[in-house]
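All remarks here apply to the structure that follows.
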Amino acid sequence: MIKKNINVGIIGLGHIGGRLYKEIISKKSDIELKTGSKVNIVAISAKNYKKKRSFKFKKNLFYKNPILISKNPKIDIVFELIGLSDGISKKIIETALKNKKHVITANKAVIAKHGDYLSLLAEKNNVNLEFEAAVGGGIPVLRTIKDGLSTNKISKVVGILNGTCNYILSEMETSKDSFKTVLKKAQSLGYAEPRDPKYDLNGLDSLAKVRILSAIAFNKKISRNKCLMDGIENIEIKDIEMASKLNFRIKLLGITEIINNKLFERVHPCLVKKNNYIANINGVMNAIILEGKPVGQTILQGEGAGPGPTSSALMSDLLSILRGNIKYSFGSPYKKRKKTSYYDNNKYSNSFYLRIDVKDKPGVMSTIAKNFAKYNISIKNLIQNPDKKNNKASIIIVTHKNIEKNYKNLILNLYKNKFVIKKPTFIRIE
């Protein structure tokens with residue numbers, strides 16, 4: 001039975017931790033009304049004690065060493081909001097669970113890497129490890145799968161899982177500005193990391209979320225397989241405009257599905273038909289589509305990042321614990337979750353969009369055609385955009401379906417030709 005007075009510690013006081021601190025303070029009476037428990041913040045920790053913050057706290061609450069919060073016998077729940085995949089983040093969670101404390105985190109990186117081990121630790125100590133905020137920000141997708149759809153057999157999950165990339169692609173389409181220009185705008189608005197945004201842009205952020213979704217949706221251990229992964233760094237405004245002419249939009253999608261009882265995970269840009277629901281999710285919004293039986297298709301949409309949505313998910317986890325809900329972190333016991341068999345990425349069959357930037361000279365098209373024939377890849381549409389001023393051209397090709405392995409070999413072979421200016425851009429058609 002849950003205690004009437006609950007003591008919590010918050011480790012990490014950045015945008016998310018600061019917002020959470022203020023949320024708990026301002027909503028104490030609402031929390032008590034809904035759970036019957038009073039919540040008291042009795043410990044906080046951050047890298048820089050002297051940093052100016054938008055809230056005040058008593059000096060005696062601050063711990064220089066966050067591990068002491070995880071060990072403190074007076075603390076019932078620990079929030080880990082640092083965000084590293086290893087090191088201090090893992091140590092904080094591990095120590096708290098071993099000391100029989102509930103843990104709530106927004107840290108997708110540590111869950112995607114160490115979630116199996118940490119969830120088993122939580123089970124052994126009869127406490128919760130909650131991470132709703134790790135996927136989809138304020139969208140309650142993990143709780144929907146674990147609770148609302150718990151008796152459904154889910155076969156596929158498709159989502160826009162990174163608000164930064166979705167904002168950049170949407171803004172490029174509406175503003176007609178270049179990738180670099182829009183990225184700078186995203187950084188100025190706080191949508192992208194000011195120093196090093198590559199974790200968002202290269203697909204790694206979305207992949208961590210896909211791995212968590214796979215484990216919960218399909219009742220499996222967290223996958224370790226090398227996935228198909230591409231980011232949006234090579235998308236140019238000419239690709240956005242050409243996609244529009246072909247009645248598509250470009251979206252970075254995270255996809256996980258079961259094919260012939262094997263797990264197939266991937267993160268990459270996709271050409272999506274304009275009339276498709278997910279093609280019309282713009283800005284920093286996230287959207288996730290779940291396909292299952294008997295429910296059919298379930299769609300969840302909302303803001304996927306930022307202090308507001310993330311703190312909303314953290315508070316949801318807090319109230320779940322306060323109501324006395326001791327749950328399995330991934331929806332079922334560790335021992336009942338199956339080991340993963342992987343689908344062969346090279347056998348994946350799809351149509352592709354390719355942009356090949358070439359020197360404008362005789363014989364180029366015939367050489368390209370020979371390369372396509374060599375790997376049995378059939379051309380569905382071909383568009384040439386000449387740049388006579390600079391004596392070059394962009395050749396846009398949409399293919400019929402073929403397997404991933406042949407596309408990889410084609411692109412490597414094309415890039416070896418002296419007339420190809422840079423590595424071809426290719427986007428899968430979803």
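The values are calculated or read from the model by the stated rules, or taken from the named source; none is laboratory data. Please read these numbers as outputs of a predicted model, since none were measured by experiment. Counting neighbours? That spans all protein chains shown, and the Cβs are built from the backbone with ideal geometry, glycine included.
Just a few scattered comments:
- Positions within the range 282-299 being over 25 Å from SER170 (Cβ atoms) and touching a residue at least 12 places away in the same chain (Cβ under 8 Å), in sequence order: GLY292, LYS293, PRO294, VAL295
- Residues in the range 353-375 that are surrounded by 11 or more Cβ atoms within 10 Å (Cβ to Cβ), in a loop (DSSP other than H, G, I, E, B) and out of contact with any Asp or Glu (no Cβ under 9 Å at 6 or more places or on another chain): LYS361, TYR375.
- The range 186-204 - residue that is in a helix (DSSP H, G or I) and at pLDDT below 95 and, of those, farthest from the chain's Cα centre (by Cα): SER188
- When the range 175-193 is filtered for residues that are out of contact with any Asp or Glu (no Cβ under 8 Å at 6 or more places or on another chain) and closer than 20 Å to GLU303 by Cα, the ones remaining, listed by number, are LEU183, SER188, LEU189, GLY190, TYR191.
- Taking every residue in the range 206-220 that is on the phi > 0 side of the Ramachandran plot and pairing it with any residue that is hydroxyl-bearing (Ser, Thr, Tyr) and surrounded by 24 or more Cβ atoms within 10 Å (Cβ to Cβ), at least 6 positions away or on another chain, yields no pair with a Cβ-Cβ distance below 8 Å.
- Selection from the range 119-145 of residues that are under 19 Å from VAL78 (Cα atoms), assigned to a helix (DSSP H, G or I) and among the charged types (D, E, K, R): GLU123, LYS124, GLU132
- Yes/no for LYS100 being at positive phi, over 20 Å from the mean Cα position of the chain (by Cα) and of a type in the set (D, E, K, R): yes
- Qualifying residue in the range 410-427 (condition: assigned to a helix (DSSP H, G or I), among the aromatic types (Phe, Trp, Tyr) and within 30 Å of LYS274 (Cα to Cα)): no
- Any chance ILE154 is of a type in the set (Val, Ile, Thr), touching a residue at least 40 places away in the same chain (Cβ under 8 Å), within 22 Å of ILE16 (Cα to Cα) and assigned by TED's automatic domain parsing to the domain that holds ASN261: no
- Counting only helices (runs of 4 or more DSSP H) that sit wholly inside the range 1-118, those with at least 2 residues that are among the aliphatic types (A, V, I, L, M), without any contact (Cβ under 8 Å) to a residue 40 or more places away in the chain and surrounded by 20 or more Cβ atoms within 10 Å (Cβ to Cβ) are 87-98.
- Being in contact (Cβ under 8 Å) with a residue 60 or more places away in the chain and within 18 Å of ASP205 (Cβ to Cβ) is not true of VAL127.
- Tabulated pairs, the range 348-366, first closer than 13 Å to ILE383 by Cα, second assigned to a loop (DSSP other than H, G, I, E, B) and of a type in the set (D, E, K, R), C-beta under 9 angstrom, 6+ apart or interchain: ARG355/GLU236; ASP357/LYS422
- Residue within the range 367-380 that is in contact (Cβ under 8 Å) with a residue 24 or more places away in the chain, β-branched (Val, Ile, Thr) and farther than 16 Å from ASN402 by Cα present: yes
- Residue identified as farther than 20 Å from ILE255 by Cα and modelled with pLDDT of 95 or more among LEU300, LEU314: LEU314
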